[in-house]
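Some notes on the structure that comes next.
Here, each number is a calculation from the coordinates, and none is a lab measurement. Keep in mind that this is a model prediction, so the values were computed, not measured. Here Cβ is always computed from backbone atoms with ideal geometry, including for glycine, and neighbour counts include all displayed protein chains.
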Amino acid sequence: QLVESGGGLVQPGGSLRLSCAASRFTLEYHAIGWFRQAPGKEREGVSCISSSGGSTNYADSVKGRFTISRDNAKNTVYLQMNSLKPEDTAVYLCAAVLTGRSNSCSRSSGYDYWGQGTQVTVSS
């Protein structure tokens with residue numbers, strides 16, 4: 001029900017924009033989180049955005065480099081990733097939780113719907 005796209009191979013310092021689209025429900029009243037899973041590491045909450053779009057949160061490891069946004073008209077949430085580093089290499093997944101009209105989100109838990117993920121590889 002959630003489909004990520006936009007991953008790929010990029011050189012260090014490069015940029016990618018990931019998209020998270022819902023096919024069978026509207027994301028409008030859902031908080032959205034982006035997570036990543038690297039081999040041998042625990043899943044990390046990278047960023048989240050509230051249903052209102054008014055609140056965002058970032059992991060310290062990506063703060064200042066990644067930007068989350070949403071376009072409810074397109075039923076899509078984006079993760080703009082700049083200044084990518086090799087340590088950003090991972091499978092990136094988006095997740096959604098119904099919150100109603102809310103100005104909060106969580107990078108840790110409570111998500112009901114998950115995508116399959118898109119691979120991001122940062123390497124020269």
Comparing Gly53, Gly33, Gly64, which has the greatest mean-square fluctuation in the GNM of the chain with Cα pairs linked when under 10 Å apart? Gly64
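If you count the DSSP beta bridges with both ends in the chain, what percent of them are antiparallel, to the nearest 5?
Details: 37 of 41 bridges.
About 90 percent, rounded to the nearest 5.
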Under 12 Å Cα to Cα from Lys74, which aspartates and glutamates show up? Leave out anything in the same chain fewer than 8 places away. Glu28
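If R0 is 35 Å, what FRET efficiency do you get for Glu87 and Val3 from their C-beta distance, rounded to 0.05? Don't skip to the answer; put the middle values down first.
Working: r = 26 Å, r/R0 = 0.73.
So the FRET efficiency works out to roughly 0.85.
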Between Thr67 and Arg107, Cβ-based FRET efficiency (R0 22 Å, step 0.05) works out to 0.90
Contact order relative to length for the chain, counting C-alpha pairs under 8 Å separated by 6 or more residues, stands in percent at 38
Could you size up the charge dipole of segment 1-79 around its Cα centre, putting +1 on the beta carbon of Lys and Arg and -1 on that of Asp and Glu, and report it in debye to the nearest 20? 100
Taking the Cα centre of the chain as the origin and placing charges on Cβ (Lys, Arg +1; Asp, Glu -1), which of Gly54, Val122, Tyr92 is farthest toward the positive end of the dipole? Gly54
Would you mind estimating how fast the chain diffuses translationally, via Stokes-Einstein at 20 °C and 1.002 mPa s with the Kirkwood radius over Cα pairs, in µm²/s? 152
Modelling each spin label as a point 7 Å along the Cα-to-Cβ direction, I'd like the Arg17/Gln116 distance in nm, to one decimal. 2.4
